[in-house]
Structures are given as C-alpha cells and as structure tokens.
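The values are calculated or read from the model by the stated rules, or taken from the named source; none is laboratory data. Model, not experiment: these values are computed from the prediction. Here Cβ is always computed from backbone atoms with ideal geometry, including for glycine, and neighbour counts include all displayed protein chains. Keep in mind that these areas ignore ligands, DNA and RNA; they rest on the heavy atoms of the full protein, side chains included. Shrake-Rupley method; radii C 1.70, N 1.55, O 1.52, S 1.80 Å.
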Amino acid sequence: MAEASERLLDARPLTRARAALAAAFFLFGLDLGLWAVHIPVIAQRLALDPAILGLALLNVGLGAVISQPITGAAITRTGSRPAAIVLLLVVLVVFPIPIAAWSMPALFVATLALGMAAGACNVAINTQASEIEAARRRPTMSFFHGFFSLGALAGASLGGAVIALGWGNGSGLFGLAVVMLAVGAVAARSFLPSRPRPKPAASARKERRFALPPAAVLGLAVLTYFSNTVEGAVNDWSALYLATVRGLSDAAAASGFAMFSLAMAVCRLAGGPVVARLGEKAIVTWGGVLMALGMAVVVLSPAAFFSPFGFALVAIGAANTIPVMMGAASRTPGVSPSAAIAAVATAALIGFLIGPPVIGFIAQAFGLSIALGLLSLAGVVIALGAAVRRWPARDAGSTGNPPHAAAGPVAAESDLA
C-alpha cells in the first residue's frame, strides 16, 4: 500500500507536466490562429497584392529556418525544459507585432521575428512533448497537437470577434497577449525536467554531420511535407479566399479556419483509439483522399456556404497524419528515434511555413482558386504514397527509446491519465 502511494506521488510531476505542456500547445495554437484570421485585414490595410503577401509569409518561413538549427543545438546542450520555457514566452510577446504592422517594411521585419520565434518554439515544445510521451510509454503526441488545434480554433473565434469590433489593426490583441503571457509563465513552471544529452565524440560528430536519413524516413518526410503544405495553406489562405473570392465579410471569412480547427481538434483528441482501430496505413491513405476531396469542395462548390465545410473535410483527413508519421519514423529500423523524428518534424515545418508562400505566387499568376485547387494533388500524392509504403509494426506502448524514462512511477501515471 505504501509502495503504491509512493508511486502515485512520484507520478504527479509527470501528470502536471502533461497538463502544462497541453496549455503551452493551446497558447501556441491561439497565437497562430489569431495571426491567420488577421491576414486579410493586414493585406487590405497595407494594400498588399498576393505576391507581396506571399513574400511576407515566406519571411515567416525564413525566420523559422534560421532559428530551428540554433534551437536544436541549444536543446542538445541545455535540455528541452529551459528552451521551451523561454521560447514559449518569447512567441507570446512577438505574435501581436506583425498584426499591428504600420508599413510594409515593418511587416517584413515583424514576420521574420514571428517566424524565428514560432519555429524555435515549435522545436522546443515538440521536443518536450516527445520526452513526456517516452516517459509515459503511451502515444501522447496527438493529445498535444489536439490542444494546439483547440488553441487555433479559439484564436480564429477570438480573432473574428476582434475584427468585428473594429480592432483588426492589432490594438485589441496587446491586452490579450499580457493575459496569455501570464498563463504561459504559470504553465511553464511545471514542464518536465530534462537532462542535456552528452556531447558526442569528434568522430561521431563528423559522421552525423554528413549522414542522411534512410529512404524509409525520407519517404515519411515527403508525405509529411505535402500534408503540412495543405494544412499551412488553409491556415494562411482560407480567410483571404473566403473574403476575396467567395465574397464573405472579414468576420464571416474566419468561419473556414474555425471549422477547420474544430474538426482538427476533435479528430486529434480522438486520434489514439482511431489509429489503433484502423491502422496507420489506412489513416494516412484515406487522410490523403479526404484532403483531396475537401479542397475540391472548397474550390468547386456552387455556393460560398459550402466552402467552409470543405475546409473541415480537409481537417478530418489531415488531423492524424503528422502524429502517425512521426510515430512511424521513431520505429524505423537502424535509426535513432530522435533523429528520425527530427527529419519528419523538419519536413513538417517546411511544408507548413514554405508551402503557403508558393500558393501566393501561383495565385498571383493564375488566381487563388486555381492555387488552392492544386492542393488536391497533394492529397493524391499522400494517398498513393501511403498506400504503397510498408509501415513498421507498432508494438503495444512503443513510442521509441525513452530518453529519461523510469520503470515504476511511469506506469502509475498511465493509470491516472
């Protein structure tokens, strides 16, 4: 009896860390949701054409590409906890600035800063999430990503309300940012402590510097890139498409992203049992099919009313593809789980941040409807790639090699979840 009580006491920090990181993912999603629904307002206020707006969005991706390797090196030296704490607070401070940009140069500086902060925070909190998942010895990544989607949904809803009240210039977000910063500071105190990894020998560093992931991991990275290209395009272009092409008001145009985020959150929070029942191959294959069909509904539906439902259909298909592919990467034979996950996560980030600017360039040349319609081809690629791929077997409770797992107390936390 005393031993059981001790195990429960030992498990409580892990339970608190799981709840705290869920709050961090929620705040991160809230940031990006608020940013996404303000993009049409920013474009209108600064009189940006699609190509210039695409360059501004590309600037976000550039910032993320710059910050990601720096963050990875810092986490290797210090562990994920301090990096996650600092970078979560940084992104909460930075996100209102591009929304309030008063000129095109200010927007480009602010989007670079947002990209650097968001990219670094994404790496840090996902690394912390992988450590919690490994310590619990249960699939948990979909749970955290579900809270990200809930945050994005809340951001879309709040952003639509802020725009409707006439505060779309960013003035309504600075007070909200202070509240979010306070919540983030409280949550960050309960992040899971992690030890920095030992520095590898010089010979090992040389080998790793030039080593490429095997074909199995690269294949997953390609599918992940296409999946997050679709998701990123919906985040950045759905509101603008509904406002400028479908003729909805700025406030009503937020409904597409809101429905997308709601469907994404529900499907991710329910993702564990669904993946266990249907299998990873079916989830990704049919997910690609649903993404293709959803984008077709968005572009080809005869009435604007149906387009937001197309975005919801895309979300149902995309929701669990990234967690599934990260889990599959971690079980690739002959590759360490952390290296495989890093490769897939990098592809996800590139697709999420670099794909949408490409949509802007295509929209400038051929129109936004054609640019978004081409995303159906990405869904087809995902479906075909998943259908022909051999998926690694999933052992019960396997989430890769746990970096800091303990034997006894972890099992008690699983019972509490």
Report summary line: Taking R0 as 30 Å and r as the Cβ-Cβ distance between Val222 and Ala282, the FRET efficiency 1/(1 + (r/R0)^6), rounded to the nearest 0.05, comes to 0.95
Requested in this report: Would you mind putting 363-376, 315-328 in packing order, based on average other-beta-carbon counts within 10 Å, highest first?
Outcome: 315-328, 363-376
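Where Rh denotes the Kirkwood radius from the mean inverse Cα pair distance, what is Rg over Rh for segment 1-121?
Rg divided by Rh gives 1.16.
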Query - At R0 = 25 Å, FRET efficiency that the Cβ-Cβ distance of Arg77 and Val179 yields, to 0.05 - result: 0.15
Query - segment 38-94 versus segment 100-156: alpha-carbon centroid distance in Å - result: 9 Å
Report summary line: Length gained if Leu377 through Val93 is fully extended, taking 0.36 nm per residue and subtracting the Cα-Cα distance, is 98.5 nm
Report task. Mind jotting down the three principal axis lengths of segment 220-363 based on Cα atoms? Whole angstrom, largest first. Result -> 52, 34, 22
Query raised in the report: Accessible area, 1.4 Å probe, largest first: how do Trp286, Trp391, Trp102, Trp167 sort?
Result: Trp102, Trp286, Trp167, Trp391
Report summary line: Note on segment 233-331: contact order normalised by length, alpha-carbon pairs under 8 Å, 6 or more apart, percent, works out to 33 percent
Query - Phe305 paired with Val186, simple spin-label distance in nm, labels 7 Å along Cα-to-beta-carbon - result: 4.3 nm
Report summary line: With R₀ set to 41 angstrom, the calculated FRET efficiency between the beta-carbons of Val388 and Val86, to the nearest 0.05, is 0.45
